[in-house]
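Accompanying notes for the structure given below.
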Ligand code: FCB
């Protein structure tokens, strides 16, 4: 596919298109006085990350941000979703502020406004300062207070100019993927740590919302990630296993945020490991938000196992996959948009805050023919329009990602960008998907 099948006019009035990135994945954390993070520690431990790569240089966005913001503007995007690195702003996690770090985000926000872009800030996209990891990181209840202080410092500086803010990107990845599966920093496989991290991440979210409201910052939201859970076969056991996966992946956080309780199916496993008094924290966790963000990429095929709770395993499925080996299942996006509105958020605006695909893009004669990415985005945009037709208040769609970048444990190998990055020269080259999107976004409002 070389062109999109839709135009701007096919979307509701005021619908916003954006591009998303995150600090550690693009900035180059070795520059500008940033402190060490648990991702640096995780990456320096053999076996955790492909070729032990880290975010030390990444895309060098720290020095090339003007060129990068020009790319966002020139594509015709309305919104730029970025994140602020805790360790860049407060190198030790608490205490002294790195003025250079705060100045960087100040310039970046002004740079977006100069280019007519709406700044959509995420306070935390995973690079926890190492000194806080030493204190137990997300396992330690005190993190809610540390995080609220960080929120106050960042938003005290840029909160007057941003368009939207969300405290934490993807609580599931912060909690489960990092503490139960050990796939992300800090790389734990420990159910007690998992339960605590999953709860504290929501408490920290609530405290940050309270702080930002206090500062008068508006348009505050929460961003969760979702994977459609498909049973491996028609048996009752496979159906129940997929339901458990769905509960701890897709329902736990929304339920906490919007209903002030956790699903029974998750408490079966995590209940005994939650910190004392967790039930008393929902007043803070359910602090009202103005919108909800959904990050969506794929579905997983789930089979039951005899192992300990949650007694399930992912198995390969039959659908075409991306460079991540993730099945392409656009219908899942429509499903989650409808379910989130129906069961959790009602009339609250929903944004697809991340969607996109990794592709093994190769530059040839200065071009990357990523036609598969155009087809992927086009199919997911069709689901957004269907959800809108069904009355779901979906208000925007942001592509992950602007640039090829540091894909966490998979290093620099997986290319998610609309713009190709040569990690030797750091040269940016817009791919076919970038040009096709620019063309689509220019076709009449
Ligand atoms: C999401 C993350 C983002 C990126 C994409 C592929 O879970 O938010 O940083 O890694 O997946």
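Could you sort 271-282, 16-27 so that the peptide with the highest average Cβ count within 10 Å comes first and the rest follow in order? Provide the component values of the computation, followed by the final result.
Details: 271-282: 13.6, 16-27: 25.8.
Ranked from most to least packed, the peptides come out as 16-27, 271-282.
If you restrict to DSSP beta bridges whose two residues both lie in the range 8-442, what percentage is antiparallel, to the nearest 5? Walk me through the numbers before you get to the answer.
Values: 10 of 47 bridges.
About 20 percent, rounded to the nearest 5.
Based on other C-beta atoms within 10 Å, arrange 88, 81 from fewest to most. It would help to have the intermediate numbers written out before the result.
Working: 88 27, 81 32.
If I rank by nearby Cβ atoms, fewest first, I get 88, 81.
Starting from the Cα of residue 363, step 7 Å along the direction of its Cβ; do the same at residue 161; then give the gap between the two resulting points in nm.
About 3.1 nm separates the two model spin labels.
Highest mean first, what order results for 237-243, 283-289 on Cβ atoms within 10 Å? Let's see the in-between values first.
Details: 237-243: 17.9, 283-289: 16.3.
So the order, starting with the most tightly packed, is 237-243, 283-289.
Over the range 280-401, what is the percentage of antiparallel beta bridges among all DSSP beta bridges, to the nearest 5? Present the calculation step by step, with values, prior to reporting the outcome.
On the way: 6 of 13 bridges.
Around 45 percent antiparallel, to the nearest 5.
Please check: in the Gaussian network model of the chain (C-alpha springs, under 10 Å), which one of 175, 424, 28 has the largest mean-square fluctuation.
The residue with the greatest mean-square fluctuation here is 424.
Would you mind ranking 248, 344 by Cβ crowding within 10 Å, fewest neighbours first? Present the calculation step by step, with values, prior to reporting the outcome.
On the way: 248 25, 344 18.
Result, fewest neighbours first: 344, 248.
What distance in nm separates the simple spin-label points at residue 2 and residue 321, each placed 7 Å from Cα in the Cβ direction?
Once both label points are built, they end up 3.1 nm from each other.
Under the 0.36 nm per residue contour assumption, what length would be gained going from the current alpha-carbon distance of residue 427 and residue 44 to full extension?
Numbers: separation 383, 0.36 × 383 = 137.88 nm, distance 2.63 nm.
Length difference between fully extended and current span is 135.3 nm.
Taking the Cα centroid of the range 329-377 and of the range 130-170, what is the distance between the two, rounded to the nearest whole Å?
When both Cα centres are located, 27 Å separates them.
Averaging the inverse of every distinct alpha carbon separation and then flipping it gives the Kirkwood radius. What is it for the chain, in angstrom units?
Numbers: mean 1/r = 0.0457 Å⁻¹.
Hydrodynamic radius (Kirkwood, Cα only) of the chain equals 21.9 Å.
Take the Cβ-Cβ distance between residue 190 and residue 435 as r, set R0 to 45 Å, and report the resulting FRET efficiency rounded to the nearest 0.05. Working shown, then result.
Values: r = 46 Å, r/R0 = 1.03.
Efficiency, rounded to the nearest 0.05: 0.45.
No lab work stands behind these numbers, since they all come straight from the coordinates. The shown structure was predicted, so the numbers you read here are calculated from the model rather than taken from an experiment. Note that we place each Cβ from the backbone using ideal geometry, even for glycine, and neighbour counts take in every protein chain shown.
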